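**Q** Sharing a structure with you now.
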There are 4 protein chains.
Amino acid sequence: MRDLKFAVIGGGFMGKAHSIALASYPMYVWPTPLYPVRELIVEINDELAAESQKRFGYNRASTDWRAAVEDPEIDVVDILVPNVLHYDVVMAAVAAGKHVICEKPLALTSAKAREMADAADAAGVVNQVGFNWRLAPAVQLAKKLIDEGAIGEVRHVKAFWLGEFFNDPSTPLVWRFKKEQAGSGALGDLGSHAIDFARFLAGEITEVQGVQQQFVAKRQLLDGSGEGDVDVDDATSFLVNFASGASGYIECSWSAAGHKTGAGFEVIGSTGSLSFDWEHLSELRFYDGSDAADRQGFRTIYTGPPHPSGDWFWPIAGYQIGYADTKVIQLADFVHAVAGETERPQTTFREGLKSTLVEEAVMESAESREWTAVPAE
Amino acid sequence: MRDLKFAVIGGGFMGKAHSIALASYPMYVWPTPLYPVRELIVEINDELAAESQKRFGYNRASTDWRAAVEDPEIDVVDILVPNVLHYDVVMAAVAAGKHVICEKPLALTSAKAREMADAADAAGVVNQVGFNWRLAPAVQLAKKLIDEGAIGEVRHVKAFWLGEFFNDPSTPLVWRFKKEQAGSGALGDLGSHAIDFARFLAGEITEVQGVQQQFVAKRQLLDGSGEGDVDVDDATSFLVNFASGASGYIECSWSAAGHKTGAGFEVIGSTGSLSFDWEHLSELRFYDGSDAADRQGFRTIYTGPPHPSGDWFWPIAGYQIGYADTKVIQLADFVHAVAGETERPQTTFREGLKSTLVEEAVMESAESREWTAVPAE
Amino acid sequence: MRDLKFAVIGGGFMGKAHSIALASYPMYVWPTPLYPVRELIVEINDELAAESQKRFGYNRASTDWRAAVEDPEIDVVDILVPNVLHYDVVMAAVAAGKHVICEKPLALTSAKAREMADAADAAGVVNQVGFNWRLAPAVQLAKKLIDEGAIGEVRHVKAFWLGEFFNDPSTPLVWRFKKEQAGSGALGDLGSHAIDFARFLAGEITEVQGVQQQFVAKRQLLDGSGEGDVDVDDATSFLVNFASGASGYIECSWSAAGHKTGAGFEVIGSTGSLSFDWEHLSELRFYDGSDAADRQGFRTIYTGPPHPSGDWFWPIAGYQIGYADTKVIQLADFVHAVAGETERPQTTFREGLKSTLVEEAVMESAESREWTAVPAE
Amino acid sequence: MRDLKFAVIGGGFMGKAHSIALASYPMYVWPTPLYPVRELIVEINDELAAESQKRFGYNRASTDWRAAVEDPEIDVVDILVPNVLHYDVVMAAVAAGKHVICEKPLALTSAKAREMADAADAAGVVNQVGFNWRLAPAVQLAKKLIDEGAIGEVRHVKAFWLGEFFNDPSTPLVWRFKKEQAGSGALGDLGSHAIDFARFLAGEITEVQGVQQQFVAKRQLLDGSGEGDVDVDDATSFLVNFASGASGYIECSWSAAGHKTGAGFEVIGSTGSLSFDWEHLSELRFYDGSDAADRQGFRTIYTGPPHPSGDWFWPIAGYQIGYADTKVIQLADFVHAVAGETERPQTTFREGLKSTLVEEAVMESAESREWTAVPAE
């Protein structure tokens, strides 16, 4: 079993999640074709780098991401920097022939995202964008049931990510509220996951028609010098049409009172239906129209050993996995692709590109107020 | 306490519901300013008329609706005939100076609906359309909480009516599948209630953009002579914008696998949220953002005596009211208006007109693929 | 179709429920072998009698229950008087050869209850005690599934009735708080329904061991002259063993904060399980262990036409029935027995006796602190 | 920040859980007074030891637990061996002056458990038993709310652990089915957690009265040589009385069809109520009787930053923690005690002893059929 050495670029919330996944990966996913090693962590200054090295258990620390991505000892570059920097780090890592993981959104524009996906593919490196939400066992089970025909033909999909973490108008003007740095607001941050749910379950989206709302127009500048303009959406909702003929609706907000981690979907098929939400991460609700007439009803399936990725975790359904565990599944998907056991990860850069294309079409449609086609790629 | 004599035109499912409501009304709503009397029921032939008289407890039966609506003994005409006949019976009853109740949809077109609303208003008769769904105590409580500011400013409304009762392709080509007789499919039958929920809770809808789907294009003719075309929607979903600036999404289907009586709404406000579905008729879920940070969460309120109409029913919350009981509330709303205790019922003909205007705009938008304005009235 | 003339003895909450059921019965249950007629209502004074006659739609009113039960025109005596009076009215009605319905608890002691059941049986009159809770379609479906073997052998039953309507210490000392008038507290009032659920689903209870609690020892006298002692239980919980070998637990309280109409059960079988609560009256949760391993989970079945009594009500599952509708089912069970279409109602006086025997054993066990046998009859 | 070096005795399911917790601990709980180091893992043979070292990331591996517990480099001995061996390893570790963690049940008898607790206390070592279930943020929040008076006085507690993982009669006769090796069946394995929930939330249990059931009397011997007797319970249920005067009911089964990880509780207080189940690990349901009359209802609180241990995990409530994360909380509770920041862990050996005392009383009561006192310690 060969080591697979990771350089993780960026700490923070995602550094924590990825490091936990790297550490717990072999404990869950065993045997494994490759053994991930926390080799190098890069942070913005020496102090943070040293602290992150200790806290997250890396062999080395650095403040020089360029050196890191070119370090000959490194097999994988895992990019967790702010969105605006994804492009540079990814392109450098790919140029250096490294396998790459990049947190979502892959890039601020589809043009950049396409360039990144093309570069990674041309270089023949394994590439993955951090759409771990679709990798939850319950979501994978939903996909498996659809593929097995358990709900017939998909007719309608609703997908959503509703939170309230930016509902407070006193939250200052962090980078997420600026289009230049974030690309969009709730749409890119949260809607991207909902789009990914929808595409994963029902295939390509061909056109969209949406509405964007902003609830707080000005927020306090971080330096305390007054107020600045928010120029992104607080909430976006849109109709989608799928290539398959199915219709759908996608919704996201970071100002939806009462909703905490309200990410999920409902799928209506011709003979059955499915629903899921992250607040019940280990549950899939499934309606099987072939049940006897007097015994029909949505079943609440607690995921466990019989379900996708289930036997990596606990011996009993409903024992509960958490957010970090979905990052373990993401890592497993990546590792098995690097090991050549699968052709590619489920969530390649191209999946990130496709989500971005949908997001851009939504923004355009909100502006033009017209149905807007989503480019094929 | 004066009697209020009803002529009910039409039996069937709605005849049953209205008759139960008429019979149980004084038992629940007591004291009452007027005492409803089941005076006359009209059916299409003598046999059905006699059977309905006995079964539903009317003093008299008839097969002549024109005579009935002009009968000087009659105070109220309650119109439960197929949609296509609403116009004629309503106009005759109004011309005869009767107070009128008409099941929804008021008419097949907004033009007819406007004529009916105008005629009723000009005649000064109390008029009501059968939007009993919004009258459920939990829905009225939602409205009360919104009006009291309990969720702040309404930002987003989802409303829906999802069933599966026509999902079976072997269901024959009944009138509901023909535009000429039904006006529209799931949209008018079910979506009208969802539109009414949305308008009731968040005010007027100014524009819509929608998608209509048909899953079964041909169905067996009733006479067994072959197949005929379905020319209405099986499912419709659409974005709505409200005059208030709120956004929304409305959805209806009679072919949504697993959904039985899936009628309800979710309302997101700036400081709280609400949700309701008919399958939990006696529950309202309410999030109060002003709760202490460590004690916040959606509450499940079981409706009972402290809630709108609650003290008419049972002494304990959660004791359960049923569908017929919401028809009692509809009747109470009507009776109190006839008695002059309120200015008008909540769901006048004009409310029926407004729903029809939204439905027509939705159909137009599905055709034109453009945002379509809803006329003010 | 012959009329079946009812004399209802007592108004109030139960008078309302029974009258609504009598009025709506033929509207739901059609055709019917016998047509219930609200012939006579008896109240304690002329004013109440007149008001009840009008409100509840009876042909006649009276203040003389003895005359009523002997009235030759009357077929059925329906007894809704306070518990302490059940015995006298029932015995007189039975002596007069009337069919009898009596609200629960049948009597304050098992001795009286046995006498009443024996007298009714000896007289050959149809007799029924008001255990409508077990007649809800979802509960009947549970029984049907058990009988069909859908959950295998019953191993454990929990049954409960938890409310909070007497949690407030300022509620005065009404008769329900006095053993002499009520027999017991929460146990007889609420626990009796839970016992009935358990016996209905799992057969006879052979022994019990229980605990009784009192939370408010003194309450204001109704005449304002000070405080008096409560001498009944506010909450009772007990273990039960069934003749079948199954174990169980039953619990009741009228001071259980947050619980409104918390009446229901959970049944664990060898291959499946069931659960129900009244706050979700139209739902049964069913686990079928024979489902495929990756698709197992509790189903939420909304009751409707495919379920027991379901086609009497609405054409769509989940359309909602209410409390009064379960009284319609009780009435139907009675009417069909009177018509000779069934041998007897499900809830004969003997069922009332058996519940009382369990209650007495529970009280004895709470005193003796020993497992206490429940007499066979 | 000093290292805290762990020797983990035993791999398997619990070795995995503890190793994940040790690895992810500093990533979550940061800063930390002491830095846990995976120094040494002990397994039963060289191959397993080597594999576990690699898989779980230990510095060293061994097959000699006695050497491990006496190794001067080791600070903490973490004991995950089969129940029957707990005593020997714990006593040796305590004798060597090591801080000790032991999985539950602490011992097969209360006598042994008392000896272990006394020895650990006498030695002045920090000692902890693996009752991580009570440490879940939602459970800790329940306790906090009770302590703050949010539900008034506790009146009734139900606690349960219902699973179905041994419901299949073809499961062979593993050690869990033999009293000599396991002490008891579902009672010790699952009921111990339910007892711990109850004691944690409502204080000491003074007496019990219970019933034990066995559904499968014989199972296949592991060596294939035929069948052997099961001599433990498959399900146990019992009444409990608390020192406070509260009553309660506790239930456990590993053969409860449809129940997966059905561990939780319901607490009824004089002014509010709480409920929790592990299948919804990140939720607490809370009823606050002081809410306005028309806005009362159980709230579903998703745990997150505002709740106990919440800020160690994710920035948003409902983001989901999993089973391993509750082991992180257990570890944090231990580490902070070793560091002297708290007096002792919440779940000392003495807590394990107390649970065992309750279990023994339950078994005795099931035999004697009498209320059985639980010794004070």
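None of the figures in this text is laboratory data; all of them are computed from the coordinates on show. No experiment lies behind these values; they were computed from the predicted model shown. Backbone-built Cβ (ideal geometry, glycine too); neighbour counts: all protein chains shown.
**Q** Compute the projected area of the convex hull of the Cα atoms of chain C, averaged over all viewing directions, and report it in nm² to one decimal place. Kindly include the intermediate steps, with their values, before the conclusion.
**A** Values: hull surface 77.2 nm².
For the Cα atoms of chain C, the hull's average projected area reads 19.3 nm².
**Q** Which of the aspartates and glutamates could be linked to C:Lys179 by a straight reach, that is with a Cα gap under 17 Å, when you skip same-chain ones fewer than 8 residues away?
**A** Output for C:Lys179: C:Asp189, C:Glu227, C:Asp229, C:Asp231, C:Asp233, C:Asp234, C:Glu359, C:Glu360, C:Glu364, C:Glu367.
**Q** Which entries in the list B:Lys54/B:Lys112; A:Lys158/B:Lys178; D:Lys98/D:Lys327 go over 30 Å, if you measure between the two C-alpha atoms of each? Intermediate results must be reported in sequence, preceding the final value.
**A** Values: B:Lys54/B:Lys112 34 Å; A:Lys158/B:Lys178 28 Å; D:Lys98/D:Lys327 20 Å.
From B:Lys54/B:Lys112; A:Lys158/B:Lys178; D:Lys98/D:Lys327, over 30 Å: B:Lys54/B:Lys112.
**Q** Placing the label point 7 Å from Cα along the Cα-to-Cβ direction, what are the distances from D:Thr63 to the equivalent spots in the other copies, shortest first, in nm to one decimal?
**A** In nanometres, ordered from closest: 5.1, 9.8, 9.8.
**Q** Which pairs break 26 Å Cα to Cα here: C:Lys260/D:Lys354; B:Lys16/C:Lys5; A:Lys218/A:Lys260?
**A** Working: C:Lys260/D:Lys354 35 Å; B:Lys16/C:Lys5 22 Å; A:Lys218/A:Lys260 23 Å.
Flagged as over cut-off: C:Lys260/D:Lys354.
**Q** Taking the label point 7 Å from Cα in the Cβ direction, how far apart in nm is B:Gln220 from each other copy of itself, listed shortest first?
**A** Here the equivalent label points are 5.0, 6.8, 7.1 nm apart from this one.
**Q** What spacing in nm lies between the two simple spin-label points modelled at C:Glu367 and A:Ala111, each 7 Å away from Cα in the Cβ direction?
**A** Distance between label points: 9.1 nm.
**Q** For the stretch D:19-38 and the stretch C:272-304, compute the distance between their C-alpha centroids and round to whole Å.
**A** 42
**Q** While we're on this one: Once you've got the GNM for chain C with C-alpha springs shorter than 10 Å, pick whichever of C:Gln320, C:Gln346, C:Gln128 has the biggest mean-square fluctuation.
**A** C:Gln320
**Q** How far apart, in nm, are two points set 7 Å out from the Cα along the Cα-to-Cβ line at C:Trp30 and at C:Arg60?
**A** 2.8
**Q** By Cβ position, which chain A residue lies least far from the axis that rotates chain A onto chain C, and what is the distance to the nearest whole angstrom?
**A** So the closest residue, with its distance, comes out as A:Arg299, 2.
**Q** While we're looking at this one, here's another question. Quick one: give the max-minus-min coordinate of the C-alpha atoms of the protein assembly as shown along each principal axis, largest first, in Å.
**A** Principal-axis extents of the protein assembly as shown (Cα, largest first): 98, 80, 64 Å.
**Q** Dividing the Cα convex hull volume of the stretch B:319-377 by residue count, how many Å³ per residue is that?
**A** For the stretch B:319-377, the hull spanned by Cα atoms encloses 123 Å³ per residue.
**Q** Quick one: among A:Phe265, A:Phe313, A:Phe215, which has the greatest mean-square fluctuation in a GNM of chain A with alpha-carbon springs under 10 angstrom?
**A** Judging by the Gaussian network model, the answer is A:Phe215.
**Q** Within the stretch D:229-269, what residues put their amide N at less than 13 Å from the label point 7 Å along the Cα-to-Cβ vector of D:Glu180?
**A** D:229-231
**Q** Right, here's the next one. I'd like the FRET efficiency for D:Glu227 and A:Thr171, computed as 1/(1 + (r/R0)^6) with the beta carbon distance as r and R0 of 60 Å, rounded to 0.05.
**A** 0.35
**Q** I would also like to ask the following. Could you work out [θ]222 nm for chain D from helices alone, using -39500 (n - 2.57) per DSSP H run of at least four and dividing by all its residues? Round to the nearest 500 deg cm²/dmol.
**A** Taking each H run of at least 4 residues, the total per residue is -10000 deg cm²/dmol.
**Q** Per 5 Å bin, what is the whole-percent P(r) computed from every C-alpha pair distance within the stretch C:277-359?
**A** Whole-percent P(r) values from 0 Å outward: 3, 12, 15, 16, 17, 16, 12, 6, 3, 0.
**Q** Kindly state, to the nearest 0.05, the FRET efficiency for C:Ala67 paired with B:Lys144, given R0 = 35 Å and r defined as their beta-carbon distance. Could you put the intermediate results ahead of the total?
**A** Numbers: r = 48 Å, r/R0 = 1.38.
Rounded to the nearest 0.05, the efficiency is 0.15.
**Q** Work out the FRET efficiency for D:Ala50 and D:Ala95 from their Cβ-Cβ distance, taking R0 = 30 Å, and round it to the nearest 0.05. Please list the in-between numbers first.
**A** Values: r = 28 Å, r/R0 = 0.95.
About 0.60, to the nearest 0.05.
**Q** Would you kindly work out, in nm and rounded to one decimal, the distances from the label point of C:Leu85 to those of the same position in each other copy, ordered shortest first, with label points 7 Å along Cα-to-Cβ?
**A** 4.8, 7.5, 8.4
**Q** Same structure, new question: So what is the relative contact order of chain A, in percent, for Cα pairs below 8 Å that sit 6 or more residues apart? Please report the intermediate quantities before stating the final value.
**A** On the way: 852 pairs, mean separation 72.1, N = 377.
So the answer I get is 19 percent.
**Q** Using only the Cα atoms, what convex hull volume per residue in Å³ does the stretch A:2-131 have?
**A** Values: hull volume 12.8 nm³, N = 130.
Cα convex hull per residue, to the nearest whole number: 98 Å³.
**Q** Can I ask one more? Which one of B:Trp65, B:Trp30, B:Trp161 has the biggest mean-square fluctuation once chain B is modelled by GNM with Cα springs under 10 Å?
**A** Greatest mean-square fluctuation among the candidates belongs to B:Trp30.
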